[in-house]
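Visitor: Below is a structure I'd like to ask you about.
The values are calculated or read from the model by the stated rules, or taken from the named source; none is laboratory data. Small disclaimer: the values here were computed from a predicted structure and weren't measured. We place every Cβ from the backbone using ideal geometry, glycine too, and count neighbours over all the protein chains shown.
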Amino acid sequence: MNPPALVTRSLYKRFGGITATQDVTLTLPQGARHALIGPNGAGKTTLVNLITGMLPPSSGAIELDGHDITRLPAHRRAQRGLVRTFQINQLFGQFTPLQTIALVVAEREGMGARAVRALCRSTSLVDEAAVLLREFHLTDVMHSKVVHLPYGKQRLLEIAIAVAGQPRVLLLDEPGAGVPAGESAEILDTLAALPADVAVLLIEHDMDLVFRFAQRIAVLVNGALLVEGAAADIARDPRVKAVYLGEASHA
Amino acid sequence: MTPASAPDRDALAPFARSARAQPYEVAIWILAALAIVLFPGHAALWNEIAILTLFAVSLDLILGYGGIVSLGQAAFFGTGSYVAALFAKHAMNDPLAGLAVGAAAAALVGLATSILVLRGTDLTRLMVTLGIASILYELANRFDQITGGADGLHGFAMRPLFGRFAFDLDGKVAYYYSLSVLFVLFLVARAVVHSPFGYSLMAIRDNRMRATAIGIDSNRRLAAIYTLAAAMAGAAGALLAQTTGFTSLDSLDFHRSADVLLVLVIGGTGYLYGGLIGAVVFVVMKDVLSAATPQYWQFWLGLILVVIVLVGRERIVRPWHALADRLRRRP
Amino acid sequence: MLTILFDGVAYGMLLFLIASGLAVTMGLMNFVNLAHGAFAMAGGYLAAILSNRMGVPFLVTLPLAFLFAAALGAVLEPTLYRRLYRRSHLDQVLFSIGIVFMAVAAVDYLFGATQQFVQLPPLLQGRIEIAGVGIGAYRLFIVLVCGVIAVGLQWILAKTRFGSRLRAAVDDSRVASGLGINVNVMFLATFAFGSGLAGLGGALGAELLGLDPTFPLKFMFYFLIVVAVGGTTTITGPLVASLLLGVADVAGKYYAPKLGAFIIYSVMIAVLMARPQGLFARGGER
């Protein structure tokens, strides 16, 4: 029996007097299609930052494929296949999409530190990057600098970067953010096309996307897990409705 | 998933061929080689340009490509200069050996101080690099029994290069020596910036958080380029000492760090040739202005700097880049 | 030893006086002005010329130096500096280096490279016995004047409406301007005032610090240290930093002349390393 792809055990994060993350224990099995939902300010992105190593936890543990990675620096977690996307696009402004993906592939293959042979001359790398860009409908802009791309294309590139890394675990932080409801079909297509052995945790507000994608859903409120279960059960759970209804009445 | 068909080679060409030598590059180097033949009376000037170019390229590597703002690159230039001079004076006066030793010494200093510039804001790095250069300046000042203090070091001459080319009075050998070293190290820099390592540096520069998220060990990469840049700056300093037979505290002075920064402001960062273009303009300008108003050319230097910054660096430098971007953006 | 301590305090107070303007400028306008020392130099040279060549009494030159430097600042801020507030720190540094070069060269051209001296009145030339310790009257005067000014600045900042508006604008200038605070006028006034203080410091300290065309470059680093270590949000921060720096520098030069400057630079680097977020004591980098 394979170990789960990702496990967090009793993760806590305190900032001074505020407990942003409270006793969060999550399990992501291999090939998972899970979602994490919750009202604004629930601490979803903080949790992602803890898992990926951008923030050190106050206490608790994180395991990737059965190995404890709690003390591992962020870049090493990424090297082991723990990949995330960002809620706000985090791209390399002066790069073109082709250069971006080529670099991601090079890093993935462990060639990132090589300083002699030109990146653009590694034909297999460049070809792989070109294929990926075609899947993400970015071929027509592949030579344009990222700063000049429209938002929708940037968002696709954001996800393409994550996929290019051939992750074991993929944390998608609101991939639909800023994308109009009608255009999220492209996002959904790319999510559906993810390899089956990748464990995916989708953090989203767009409930349409969530229910079409996720098998299991966890609900985070005020930094703690309210409930976790199969998608259909969560949809019917009165507590979840109360949380969202409560939020709607404040709006 | 759609079946993967072979990518269109022509469509990929702009990137796939981006590392090839461009015609303008070939032209520049040919001109450089002929410069002293075309203008033989200005050998010292050409030598100065070559050395300053190397120095500027070293700064471009960390500033333009690595995103590390430094006001203290003179620390490495001066280290290379002094070590090469001392090596020639007390050990052996073979130029290439001295060059290697000078560059190595500067690289060591760079490696040792690299941890100080890995993190922090631009401002922090400015001050830290300034502080490091100031410390070295003070060291050289205090240990004047070794360094000659304010008087500097002289009384050493180089053996003929490869045992055959003696450093002659009209400066030809000196210039070709400097130019060759510049050319070789420039090729090294060029290879680095086109390599995956080079791209990873630019990624760190553009978005450090994202670079980490794709598995890049930012600290190690930045330390590596900082050390390489220090070695190159040290080589430039060594060249100066060897070709002029003299070095002094001036090689560690703040104005050297400021001058090389100005060279990159004039020429532009992030494409390596900015150092060369900037160096040519800077040295010629300095020569012309110094002739007119001897000690006060510093005033014009300051004025040019102020004007360039006010007008906007990108607008006067590399306007063709802005134009090219706009053309490519058309659907 | 006490004399050295006192000398250090006097030195530190002068640094504080000059650097306080820089601290406010950096905190308020987020502008790195390496040319701040040039304003001090301007005040110093004015005092030297007035007292030496025109026989103006030293004490009269002080407020004149303040006004002169403040006027310079009031002219340069709206014409040049204001355009660069939104630029990167590198641009600001390059710009201010350019200003320094111009100022240094201009002063060298106009007045030559030798050190300038100020005619101190006889009142300040002697020594005074306080509790058995001999203290230079000039240094005592410096400490008193700077102390009064420091207290005054603290009072302005903490107790007046201008002070609270200033603190609001430092915290967040966009919000402040939304509240009706005229941020442009505030910037102009503060920049001019800070420059004036620097000019006053330059005049007051000409004898102690040494006045020559390279002054702005020599002391550039010291001012930056004061701001880096002391922060930009309080008066007491830079004050304490200046005093420590002054005492350390004087003591270092006396006890360990070969090591003096290293200690300063090394401490500075150590502090910056401990706080790589550097010079803005508030959390959050703009």
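Visitor: What tally of residues in region C:97-136 results from selecting those that are in contact with a strand residue (DSSP E or B) (Cβ under 9 Å, 6 or more places away or on another chain) and either in a loop (DSSP other than H, G, I, E, B) or under 19 Å from C:ALA40 (Cβ atoms) (or both)?
Guide: Matching residues across region C:97-136 total 6.
Visitor: Can you tell me which residue among A:LEU191, A:LEU202 is surrounded by 18 or more Cβ atoms within 10 Å (Cβ to Cβ), touching a helix residue (DSSP H, G or I) at 6+ places or on another chain (Cβ under 7 Å) and more than 14 Å from chain B (Cβ to nearest Cβ)?
Guide: The conditions single out A:LEU202.
Visitor: Moving on to the next point. Looking for whichever is within 14 Å of chain A (Cβ to nearest Cβ) and touching a residue at least 12 places away in the same chain (Cβ under 8 Å) here; the options are B:VAL265, B:VAL193. Which one fits?
Guide: From the options B:VAL265, B:VAL193, the qualifying one is B:VAL193.
Visitor: Go through the residues of region C:141-159 one by one and say whether even a single one is in a helix (DSSP H, G or I), over 19 Å from the mean Cα position of the chain (by Cα) and either touching a residue at least 12 places away in the same chain (Cβ under 8 Å) or under 22 Å from C:ASN30 (Cβ atoms) (or both).
Guide: No.
Visitor: Of the numbered conditions (1) within 14 Å of chain A (Cβ to nearest Cβ); (2) surrounded by fewer than 18 Cβ atoms within 10 Å (Cβ to Cβ); (3) touching a residue at least 24 places away in the same chain (Cβ under 8 Å); (4) within 23 Å of B:LEU179 (Cβ to Cβ), B:LEU61 fails exactly one; give the number of that condition.
Guide: (2)
Visitor: Sticking with this one: Can you tell me which residues in region A:95-106 are in a loop (DSSP other than H, G, I, E, B) and over 16 Å from B:ILE216 (Cβ atoms)?
Guide: A:THR96
Visitor: From A:ALA61, A:ALA35, grab the single residue that is touching a residue at least 60 places away in the same chain (Cβ under 8 Å) and either assigned to a strand (DSSP E or B) or within 14 Å of chain B (Cβ to nearest Cβ) (or both).
Guide: A:ALA35
Visitor: Test of understanding: among B:THR121, B:THR129, which residue is surrounded by fewer than 21 Cβ atoms within 10 Å (Cβ to Cβ), within 23 Å of the chain's Cα centre (by Cα) and either within 14 Å of chain C (Cβ to nearest Cβ) or closer than 30 Å to C:TYR222 by Cα (or both)?
Guide: Within the list B:THR121, B:THR129, the selection yields B:THR121.
Visitor: Also, I was wondering about something else. Hey, which of the strands (runs of 3 or more DSSP E) in region A:196-251, taking only ones fully inside, have at least 2 residues that are farther than 23 Å from A:LEU64 by Cα, of a type in the set (S, T, N, Q) and at pLDDT 85 or above?
Guide: In region A:196-251, there are no strands (runs of 3 or more DSSP E) which contain 2 or more residues that are farther than 23 Å from A:LEU64 by Cα, of a type in the set (S, T, N, Q) and at pLDDT 85 or above.
Visitor: If the requirement is being away from chain B (no Cβ under 14 Å) and of a type in the set (Val, Ile, Thr), which of these qualifies: C:THR190, C:THR232?
Guide: None of the other options fit; the residue is C:THR190.
Visitor: Which ones in region B:76-114 are over 24 Å from B:ALA150 (Cβ atoms) and under 16 Å from the mean Cα position of the chain (by Cα)?
Guide: The answer is B:LEU99, B:ALA103, B:ALA104, B:ALA107, B:GLY110.
Visitor: Can you find a residue in region A:159-180 that is of a type in the set (D, E, K, R) and within 12 Å of another protein chain (Cβ to nearest Cβ)?
Guide: yes
Visitor: In addition: Among the residues of region A:69-123, how many are buried (at least 24 other Cβ atoms within 10 Å of the Cβ), of a type in the set (A, V, I, L, M, F, W, C) and more than 7 Å from chain B (Cβ to nearest Cβ)?
Guide: Looking only at that region, the number is 5.
Visitor: May I ask you to say which residue of B:VAL306, B:VAL317 is in contact with a Gly (Cβ under 7 Å, 6 or more places away or on another chain), at pLDDT below 85 and surrounded by 16 or more Cβ atoms within 10 Å (Cβ to Cβ)?
Guide: Selected residue: B:VAL317, the only one of B:VAL306, B:VAL317 that is in contact with a Gly (Cβ under 7 Å, 6 or more places away or on another chain), at pLDDT below 85 and surrounded by 16 or more Cβ atoms within 10 Å (Cβ to Cβ).
Visitor: Right, here's the next one. Can you find, within region B:83-118, the residue that is farthest from C:ALA270 (Cα to Cα) among those that are aliphatic (A, V, I, L, M) and not in a helix (DSSP H, G or I)?
Guide: B:MET92
Visitor: Which residue out of B:ASN207, B:ASN141 is within 14 Å of chain A (Cβ to nearest Cβ) and of a type in the set (S, T, N, Q)?
Guide: Exactly one residue qualifies, and that residue is B:ASN207.
Visitor: Sticking with this one: Can you confirm whether B:THR293 is away from chain C (no Cβ under 14 Å), modelled with pLDDT under 95 and more than 17 Å from the chain's Cα centre (by Cα)?
Guide: Judged against the criteria, B:THR293 is not a match.
Visitor: If I filter region B:274-290 down to residues being of a type outside the set (Gly, Ala, Ser) and crowded, with 19+ Cβ neighbours inside 10 Å, which single residue comes out as nearest to the other protein chains (Cβ to nearest Cβ)?
Guide: B:PHE282
Visitor: For A:ALA129, are the conditions met, namely being touching a helix residue (DSSP H, G or I) at 6+ places or on another chain (Cβ under 9 Å), part of a helix (DSSP H, G or I), of a type outside the set (Lys, Arg) and more than 7 Å from chain B (Cβ to nearest Cβ)?
Guide: yes
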